[in-house]
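Asker: What follows is a single structure, and I will ask about it in a moment.
The values are calculated or read from the model by the stated rules, or taken from the named source; none is laboratory data. Remember, predicted model here, so these are calculated numbers, not experimental data. Cβ coordinates were reconstructed from backbone atoms using ideal geometry, including for glycine residues, and neighbour counts include every protein chain displayed.
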Amino acid sequence: MEHIIYHNPRCSKSRQTLGILQDKGAQIKIIEYLKNIPSKEELSRLISLLEITPLELIRKGETIFKENYKGKELSDTEWIDAMISHPKLIERPIVTFGKKAIIGRPPEKVMELI
């Protein structure tokens, strides 16, 4: 079984999380989610595995959030649609292993899946 990391190579936390997986010899599938945007179904599955709400997966410090979504009350489906339209809003990195998932913040949190 392989670890899947939804990765942004420009993000230091994402790079650190990937480094931990590599150092531990994990089999890894890397998905650069800014280039390969998750489908609505895939994003919904990740949210379910993470056991969080879509809003909890939103990066609220992003300019896109502040300019377009701050203070708005959207449904779960609308938040998922927002992340698909603007994948920079997706918190990173997300790592899955089987039926478990974590957000690698801090990066050491990935040890829960190793």
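Asker: crowded, with 20+ Cβ neighbours inside 10 Å, farther than 23 Å from Met1 by Cα and free of Cβ contacts under 8 Å to residues at least 40 places away in the same chain - does that describe any residue in segment 42-53?
Answerer: Scanning segment 42-53 turns up no residue that is crowded, with 20+ Cβ neighbours inside 10 Å, farther than 23 Å from Met1 by Cα and free of Cβ contacts under 8 Å to residues at least 40 places away in the same chain.
Asker: Also, I was wondering about something else. From the list Ser48, Ser44, Ser39, pick out the single residue that is touching an Asp or Glu at 6+ places or on another chain (Cβ under 9 Å), among the hydroxyl-bearing types (Ser, Thr, Tyr) and modelled with pLDDT of 95 or more.
Answerer: When all the criteria are applied, what remains is Ser44.
Asker: Can you pull out the residues in segment 49-71 that are acidic (Asp, Glu) and in contact with a helix residue (DSSP H, G or I) (Cβ under 7 Å, 6 or more places away or on another chain)?
Answerer: The answer is Glu62, and nothing else.
Asker: Do we have Leu74 as without any contact (Cβ under 8 Å) to a residue 24 or more places away in the chain, over 16 Å from His3 (Cα atoms), touching a helix residue (DSSP H, G or I) at 6+ places or on another chain (Cβ under 9 Å) and not polar (S, T, N, Q) here?
Answerer: Criteria met by Leu74.
Asker: Name the single residue that is nearest to Lys40 (Cα to Cα) among those in segment 63-111 being loosely packed, with under 12 Cβ neighbours inside 10 Å and among the acidic types (Asp, Glu).
Answerer: Only one residue tops the list, namely Glu73.
Asker: Across segment 6-24, which residue is farthest from the chain's Cα centre (by Cα) among those that are part of a helix (DSSP H, G or I) and loosely packed, with under 14 Cβ neighbours inside 10 Å?
Answerer: The residue in question is Asp23.
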